[in-house]
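Participant: Please find one structure pasted underneath; my questions will follow.
The values are calculated or read from the model by the stated rules, or taken from the named source; none is laboratory data. Please read all numbers here as calculations on a predicted model, not as lab measurements. Every residue, glycine as well, gets a Cβ built from its backbone with ideal geometry; the counts of neighbours run over all protein chains shown.
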Amino acid sequence: MTLLNSLLVFLAGHKGQSGYDIRQLFQATPLGVFSDSPGSIYPSLARLERHGLLASSSETSGRRRRTYARTREGKKALDAWLATPIKDEAKLKPGEMELRFVMIAETLGWGKAKQFLAAAEALYAAKLKELEVFMAGPGTEMGRASRAAVDLGMRTYRLRIQWCRSVSKQEERT
């Protein structure tokens, strides 16, 4: 399942959202980075329904509106996608790790979310180590601006590691 499809199945599982509601979320929040076009949401919802991952119903009162709900098969597919380990953070879209964390915490529970954070922290630490080795070797030949850009990347990884540790210490709240 793709990130967009997983996100749509996740969102449909909350409050029985309409396609319009979901589209508004993508337009009004940072979720917009996960869909290149608001127009792609409706065909994706229809495809997910054809595959049995979502079910929809039409509301006849007021404006015409189709609401979506996650099916049992949709929950299974979402759970399986969320349980799939991320092997390379560099191949993800910005914010995907954080989005997966939220989806895991709300779908699979806090225990699984903490396991995910530990794995994310390990990925961030490995990437940071790669950059540190690079900066101690070939990076010494780079210009000032290039070194500053790599330094920003290193600081970002350090901040993400710190965030993972901080959130992992929090207890689940109901």
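Participant: So residue 58 clears everything in (1) in a helix (DSSP H, G or I); (2) touching a Lys or Arg at 6+ places or on another chain (Cβ under 7 Å) except one condition, right? Which one?
Facilitator: Failed condition: (1).
Participant: When you look at residue 117, is it buried (at least 19 other Cβ atoms within 10 Å of the Cβ), out of contact with any Pro (no Cβ under 7 Å at 6 or more places or on another chain) and closer than 30 Å to residue 162 by Cα, yes or no?
Facilitator: Working: buried (at least 19 other Cβ atoms within 10 Å of the Cβ): yes; out of contact with any Pro (no Cβ under 7 Å at 6 or more places or on another chain): yes; closer than 30 Å to residue 162 by Cα: yes.
Here the answer is yes, as residue 117 does meet what is asked.
Participant: Would you mind telling me which numbered condition in (1) under 20 Å from the mean Cα position of the chain (by Cα); (2) more than 13 Å from residue 11 (Cα to Cα); (3) at pLDDT below 90 residue 64 fails?
Facilitator: Of everything listed in (1) under 20 Å from the mean Cα position of the chain (by Cα); (2) more than 13 Å from residue 11 (Cα to Cα); (3) at pLDDT below 90, residue 64 misses just condition (1).
Participant: Across segment 76-97, what is the number of residues that are modelled with pLDDT under 90 and part of a helix (DSSP H, G or I)?
Facilitator: So the answer is 5.
Participant: Moving on to the next point. Got a number for residues in segment 134-152 being out of contact with any Gly (no Cβ under 9 Å at 6 or more places or on another chain) and loosely packed, with under 13 Cβ neighbours inside 10 Å?
Facilitator: Step one: list which residues in segment 134-152 are out of contact with any Gly (no Cβ under 9 Å at 6 or more places or on another chain), which gives 134-145, 148-149, 151-152.
Next, only the ones that are loosely packed, with under 13 Cβ neighbours inside 10 Å stay: 136-138, 140-141, 143-145, 148-149, 152.
Number satisfying all stated conditions: 11.
Participant: Working only within segment 21-61, note down all residues that are aliphatic (A, V, I, L, M), modelled with pLDDT of 90 or more and farther than 13 Å from residue 7 by Cα. Spell out the reasoning first.
Facilitator: If we filter segment 21-61 for residues that are aliphatic (A, V, I, L, M), which is where we start, we get 22, 25, 28, 31, 33, 41, 45-46, 48, 53-55.
With modelled with pLDDT of 90 or more added as a condition, the list becomes 45-46, 48, 53-55.
46, 55, listed by residue number.
Participant: State yes or no: is residue 131 modelled with pLDDT of 95 or more, in the same structural domain as residue 4 (by TED's automatic domain parsing) and either under 20 Å from residue 30 (Cβ atoms) or part of a helix (DSSP H, G or I) (or both)?
Facilitator: No.
Participant: One residue is enough: does segment 17-30 have a residue meeting the conditions under 19 Å from the mean Cα position of the chain (by Cα), touching a residue at least 60 places away in the same chain (Cβ under 8 Å) and outside the structural domain of residue 121 (by TED's automatic domain parsing)?
Facilitator: yes
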